[in-house]
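J.: Dumping the structure here so I can ask a few things about it.
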């Protein structure tokens, strides 16, 4: 019955049962902390940092979802001039406000199964690759990122190892190829947006 008193047999005063009084303390029990109770020192600061971390992670995940393109293929081909010389195989450049992470780069002849003459060098250059093939920039360490001593050849790269930014070109220079020989180059890149940078996790 509401408001009924029950007598305790442990020597304590009686307690109202079902009286509708919230927060009534039952003898021998500790009252739970209420929402308005002060937090222990340092906990409020920790909760604030966790909130900032969650906001940064959400921001970065949104960017990854929106700007990331898995393994976009770029390709080109060419023929060594009849008089011989170096052959530039220019794989192009990212669009403005984007950059590439190169993950795989392949250079070969008509197909992968046929060995062809020559060596190949992979460049990231601040202009078309044919400017390297026709100049003293060959093997310049400022631009050379990899090389192949024989063809066909394939190389793989980890994220961030070989990056190409807007205005730069990715491509191979074939050196010592057979005059009139057809060569192909293919790269698989991941494309990222530079318009909104990722934030550092606090």
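The values are calculated or read from the model by the stated rules, or taken from the named source; none is laboratory data. In this text the structure is predicted, and so the values were computed from the model without any measurement. Because the Cβ atoms are built from the backbone with ideal geometry, glycine has one as well, and the counts that use them run over all protein chains shown.
J.: Here are 167, 177: which of them is touching a strand residue (DSSP E or B) at 6+ places or on another chain (Cβ under 6 Å), in a loop (DSSP other than H, G, I, E, B) and closer than 22 Å to residue 77 by Cα? If you could, list the steps in order and put the result at the bottom.
T.: Working: 167 fails: touching a strand residue (DSSP E or B) at 6+ places or on another chain (Cβ under 6 Å).
Of the residues listed, the single one that is touching a strand residue (DSSP E or B) at 6+ places or on another chain (Cβ under 6 Å), in a loop (DSSP other than H, G, I, E, B) and closer than 22 Å to residue 77 by Cα is 177.
J.: May I pose another question? If I go through region 128-145 residue by residue, how many of them are at negative phi and touching a strand residue (DSSP E or B) at 6+ places or on another chain (Cβ under 8 Å)? Outline the logic, then answer.
T.: Filtering region 128-145 for residues at negative phi gives 128-138, 140-145.
With the extra rule that they be touching a strand residue (DSSP E or B) at 6+ places or on another chain (Cβ under 8 Å), the set shrinks to 128-134, 137-138, 143-145.
So the answer is 12.
J.: Among the candidates 157, 123, 143, which residue alone is surrounded by 17 or more Cβ atoms within 10 Å (Cβ to Cβ), free of Cβ contacts under 8 Å to residues at least 40 places away in the same chain and within 21 Å of residue 188 (Cα to Cα)?
T.: 143
This table checks each residue for (1) surrounded by 13 or more Cβ atoms within 10 Å (Cβ to Cβ); (2) at pLDDT 60 or above; (3) in contact with a helix residue (DSSP H, G or I) (Cβ under 9 Å, 6 or more places away or on another chain).
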residue	(1), (2), (3)
24	no, no, no
27	no, no, no
67	yes, no, no
80	yes, yes, no
91	yes, yes, no
